[in-house]
1. Taking the criterion of being under 23 Å from residue 370 (Cα atoms), in contact with a strand residue (DSSP E or B) (Cβ under 8 Å, 6 or more places away or on another chain) and either buried (at least 20 other Cβ atoms within 10 Å of the Cβ) or in contact (Cβ under 8 Å) with a residue 24 or more places away in the chain (or both), would at least one residue in region 439-446 satisfy it?
2. Please work out if residue 348 is surrounded by 20 or more Cβ atoms within 10 Å (Cβ to Cβ) and touching a strand residue (DSSP E or B) at 6+ places or on another chain (Cβ under 7 Å).
3. With the checklist (1) buried (at least 16 other Cβ atoms within 10 Å of the Cβ); (2) at pLDDT below 95; (3) in contact with a helix residue (DSSP H, G or I) (Cβ under 8 Å, 6 or more places away or on another chain); (4) within 28 Å of residue 442 (Cβ to Cβ) in hand, flag the one item residue 340 doesn't pass.
4. Only helices (runs of 4 or more DSSP H) wholly contained in region 418-522 count here; list those with 2 or more residues that are in contact with a helix residue (DSSP H, G or I) (Cβ under 6 Å, 6 or more places away or on another chain) and closer than 19 Å to residue 553 by Cβ.
5. Suppose the filter is surrounded by 18 or more Cβ atoms within 10 Å (Cβ to Cβ), touching a strand residue (DSSP E or B) at 6+ places or on another chain (Cβ under 8 Å) and at pLDDT 85 or above; does residue 578 pass it?
6. Considering only helices (runs of 4 or more DSSP H) fully contained in region 196-311, which possess at least 1 residues that are modelled with pLDDT under 95 and touching a strand residue (DSSP E or B) at 6+ places or on another chain (Cβ under 8 Å)?
7. Can you find a residue in region 116-128 that is out of contact with any strand residue (DSSP E or B) (no Cβ under 9 Å at 6 or more places or on another chain), modelled with pLDDT under 95 and over 23 Å from residue 48 (Cα atoms)?
8. State which residue pairs qualify: first residue farther than 15 Å from residue 538 by Cβ and inside region 246-257, second residue part of a loop (DSSP other than H, G, I, E, B) in any location, beta carbons under 8 Å apart, and separation of 6 or more residues or different chains.
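The values are calculated or read from the model by the stated rules, or taken from the named source; none is laboratory data. For clarity, every value in this text was computed on a predicted model and none was experimentally measured. Quick reminder, even Gly has a Cβ in these numbers, built from the backbone with ideal geometry, and neighbours come from all protein chains shown.
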C-alpha cells in the first residue's frame, strides 16, 4: 500500500498559483530560506499523530513536541488560570506563531474551552481552525467588517463561560524608534469593551524574548513584508527555553475603576510588561555605613525596665496626654526629650528593632541621634502591658529654624531648601522616625490613635498648617517596585511648583521606569490602591506600598523630592507634604474633630480656590 503523501501547512506552489511556473529547485530553496520546510515537516508529523486512533494529544501538545518549543512556568502559576467562567488572557507578542502555540498548550492543560484570537493568516493551518477566532490586523473597510464578526464570536464565547487568549497588539513586537527598544504596538482598545461587556476575569501573561535582527530589519523597511519570514522565526524560538510569567487573575469588578478603554488597556499592558522585567532582588545584609567604613549591626540595648517607663509616663503633666482610648488603656502622649530620658531610650531601641525588621536601620544598638534632643516625641502607650507601641518624632520647624537654621532640621541633611520653601515649612511640623512595633502592626487602631494624637496636637497649635517628612522605601523591595513607586509618584502625586524649591543631595538617578512603561503609566495607573496592588504582584512576599505612604497619600499628601539615605540601609526616601487645608473632610473630622473642621472651613475653601 503506497505511503500517504506528506501534508504541508504552507505550500509555496499553491500560494503562487497555477499561472506562475517556478523550478522545483527554486521552490525548495525558498522553503528552506523562509523556514517553511521545517514547519511543513513538523506539520506532517502533527497531522499523522492526530490521525492515530486513541491519541489524547491535542494540536498544541503535538506542535510543542514536533517544533521542539520549550517553556517554563514558576511553581503554582498555572493555578492562576481560573478553571471555569469567562476569562480573557492578554499577552505580549514577542515572536509570532510560537507565542500562540505555547499559550494554547499552556491553557489547554487547565481547560478545554479555549479559543485563540489570532491573525487570519493562521487559517492556513487547518488543524488550528477549531481553536481559533480570526481577526484581521490590517486596516481598511474589509478588515473592519471581518473584525466585527470576530468580536461577535468573542462575546458569544465568553457569554458561554469560555476562555479566550489574545495578543492585544495584533502583530509581533517590533523595534520602536521613539522607545529605542523592541516592544508591542499599541494595544487594541476594543478588548476593553469586550472585558466590560462580559465582566470577564482577566489574566495577564508575559512571554520573554524577541524576533531576530533580520526580522526586525525587514519590519523597519516594510511591516507587511515580514509576514513570509514568520515561519523562519519558529526555528529560532526552538533554541531557547521561554520563561513565561502568569499574573494574578483580575476580576471584572476590580478593573471597573478604569473608566476609559485607553486607561484599562494601558493598565493591563503596564502590568504585563512589569511582570517580565527581570530586576534583581535588591536585598543587602544590614550594614551601617560610616564614611568609608562598614560596620555590621550592633546588638540592641536591653529593654528599659517597665517600672521606669511607667514612672515617667505617670509624671507627665495632663496636657501631655493628647488622646485616651475609650474603654481601653491606650493613650497618646507628646513630650520633650528632657522629660522622658528613659522612655526616649526605649523609643530608640524599638525604632532600631522595627526598622531592622523592615530591611532598614542605622546599625546602631539604639537609634537616637543629635536631633532627638530638640524634637518632640509623640508616642502610643499601652498601659495594660507597660509598653510603647509606636512613636513619631515631631519637629516644630519655626522654632528649629530660629535656633539652629536649616542644619537643625533632620531633612536638612538630605535636601537643600530654597528661601521660598522654607517659608512654607515654617508653618509645618517635620514628621519622622515613625514606627509601630511588629507586635502592634496587626492592630489598625494603633496607627489610627497616633494620627488622632497628631491631629489633636495641631488643634492645640493652630499655627501649623502642614505636615511633612520622608517615607522610606527599603531595599527589601525590588528595584522594579522602587522604580515603579518613584515613577508613579512623579507622574501623579508630585507638587511641581513646590518641588522646584527642594534639591536632594543624593537623588535616585536610576530608579525610574523606562520606555513605553513610563509613557503609559500616567494613564494605566490611576490611584495609590492600584499602585499597591501592582507592587504586591511584583514582590514575592506580596507586600504592597508602605502603610505610611498610603496614609499620607490618603491625606492628599504631595511629593516634593526623593533621596537615597546611604547611612540608613540605602533606603529610598520620599519627601512628602500634607496641607491640612487640602486634606479630605472626613480625615480632618476624624483626626481633629468636627468643630475644628468648621473653624478651618473658610481657610479650606480659600485653599481649594487657589488650587
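1. Checked region 439-446: no residue is under 23 Å from residue 370 (Cα atoms), in contact with a strand residue (DSSP E or B) (Cβ under 8 Å, 6 or more places away or on another chain) and either buried (at least 20 other Cβ atoms within 10 Å of the Cβ) or in contact (Cβ under 8 Å) with a residue 24 or more places away in the chain (or both).
2. Judged against the criteria, residue 348 is not a match.
3. The single condition residue 340 does not satisfy is (2).
4. Those helices (runs of 4 or more DSSP H) span 444-460, 479-492.
5. It is true that residue 578 is surrounded by 18 or more Cβ atoms within 10 Å (Cβ to Cβ), touching a strand residue (DSSP E or B) at 6+ places or on another chain (Cβ under 8 Å) and at pLDDT 85 or above.
6. Result: 213-221, 261-276.
7. No, the conditions are met nowhere in region 116-128.
8. Here the result reads 249/81; 249/82; 252/199; 252/200; 253/199; 257/526; 257/527, each pair linking region 246-257 to a residue that is part of a loop (DSSP other than H, G, I, E, B).
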